[in-house]
1. If we keep just the residues of segment 133-144 that are touching a helix residue (DSSP H, G or I) at 6+ places or on another chain (Cβ under 8 Å) and under 19 Å from Gln194 (Cβ atoms), which is surrounded by the fewest Cβ atoms within 10 Å (Cβ to Cβ)?
2. Could you pull out the residue among Ala35, Ala62 that is at pLDDT 85 or above, surrounded by 13 or more Cβ atoms within 10 Å (Cβ to Cβ) and of a type in the set (A, V, I, L, M)?
3. Got at least one residue in segment 136-158 being touching a residue at least 12 places away in the same chain (Cβ under 8 Å), basic (Lys, Arg) and assigned to a strand (DSSP E or B)?
4. Name, by its number, the condition in (1) aliphatic (A, V, I, L, M); (2) closer than 27 Å to Ser144 by Cβ; (3) touching a Gly at 6+ places or on another chain (Cβ under 7 Å) that does not hold for Leu100.
5. So, in segment 84-117, how many residues would count as being more than 14 Å from Leu18 (Cα to Cα) and in a helix (DSSP H, G or I)?
6. Give the residue, chosen from Ser41, Ser53, that is assigned to a helix (DSSP H, G or I) and either modelled with pLDDT under 95 or within 17 Å of the chain's Cα centre (by Cα) (or both).
7. Could you please find all residues in segment 61-82 being touching a residue at least 24 places away in the same chain (Cβ under 8 Å) and over 16 Å from Ser133 (Cβ atoms)?
8. Farther than 19 Å from Ile159 by Cβ, surrounded by fewer than 21 Cβ atoms within 10 Å (Cβ to Cβ) and free of Cβ contacts under 8 Å to residues at least 40 places away in the same chain, is that true of Pro101?
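The values are calculated or read from the model by the stated rules, or taken from the named source; none is laboratory data. Being a predicted model, the structure only gives us computed values, none of them experimental. Every residue, glycine among them, receives a Cβ derived from its backbone with ideal geometry; neighbour counts consider all protein chains shown.
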Amino acid sequence: MNVRGWDVPTVVETQRKLLPEILRSVAGSNPLGIANKKLLSAQDLHVHNLYLSFAYVAALAARKGNPFTVLDWGGGVGHYSGIAEAVLPGVEIEYYCHDLPHLCSAGRELMPMAHFVSRNDCFVRKYQLVMASGSLCYEEDWRSLVDDLIDATENYLYITRTLFVPKADSFVVVQRPFLFDYGTEYLGWVFNRQEFLDHVFRRGAKLVREFLVSKGPLIHRAPQQGEYRGFLFKKN
């Protein structure tokens, strides 16, 4: 199977093109419902749930001190920096983003107030909030990444926009997001919910709140269909 993955020009160009629209939408009084990929409609309930859930998480985590430090693992060109500014007015935010090299390069150009860091540089400091939105599932050794993300946070870990199933074992799917103008395909995990939670609990974190984002896509020949969920953990 020829799988091109995420580090392709079409992903960068789509996120580059849509970033100004996202920032304009969150700056006003409109619903928070525009994603960093082409949508079939201007506003999307899935994205609205995702951004409002993030607003709750950010408001909770930001109480721990000033400035509010965030690591966004797999954050693309850094659109969550703008969302954080919009939902936390008056809060000083230090936003750090890690992604693939082409996305980080574009992010440094488009979001100069944010910090775009390599994988190794991510983990030289601690953050009040570490988040992975729709990115943990693309890590082959996801358990090791979870361990690193827990180690990197002082307080909260937020995993969201990830597909979970309640009964079937974790399994891998191939995604072809052609409708979103990404022009590529990539492999990703669908996690067994309890397997995922058990691993995080073994690392000493406790569950603060679970979030239902939306129903998942129909996966051909899957052992079980999944739902997009999020989990906020607090480090003990």
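1. In the first step, residues of segment 133-144 are kept if they are touching a helix residue (DSSP H, G or I) at 6+ places or on another chain (Cβ under 8 Å); the result is 133, 136, 139, 142-143.
Then keep just the ones that are under 19 Å from Gln194 (Cβ atoms); that gives 136, 142-143.
Working: Leu136: 22, Trp142: 19, Arg143: 14.
My answer is Arg143.
2. Details: Ala35 fails: at pLDDT 85 or above.
Just one listed residue meets the conditions, Ala62.
3. no
4. (3)
5. Just the residues of segment 84-117 that are more than 14 Å from Leu18 (Cα to Cα), to begin with: 84-102, 104-105, 108-109, 112-117.
The next check asks that each one be in a helix (DSSP H, G or I); those that pass are 84-87, 101-102, 104-105, 108-109.
Selection size over segment 84-117: 10.
6. Working: Ser41 fails: assigned to a helix (DSSP H, G or I).
So the residue among Ser41, Ser53 that is assigned to a helix (DSSP H, G or I) and either modelled with pLDDT under 95 or within 17 Å of the chain's Cα centre (by Cα) (or both) is Ser53.
7. First pass over segment 61-82, keeping only residues touching a residue at least 24 places away in the same chain (Cβ under 8 Å): 61-62, 64-82.
Ala62, Lys64, Gly65, Asn66, Pro67, Phe68, Thr69, listed by residue number.
8. Details: farther than 19 Å from Ile159 by Cβ: yes; surrounded by fewer than 21 Cβ atoms within 10 Å (Cβ to Cβ): yes; free of Cβ contacts under 8 Å to residues at least 40 places away in the same chain: no.
The answer is no for Pro101.
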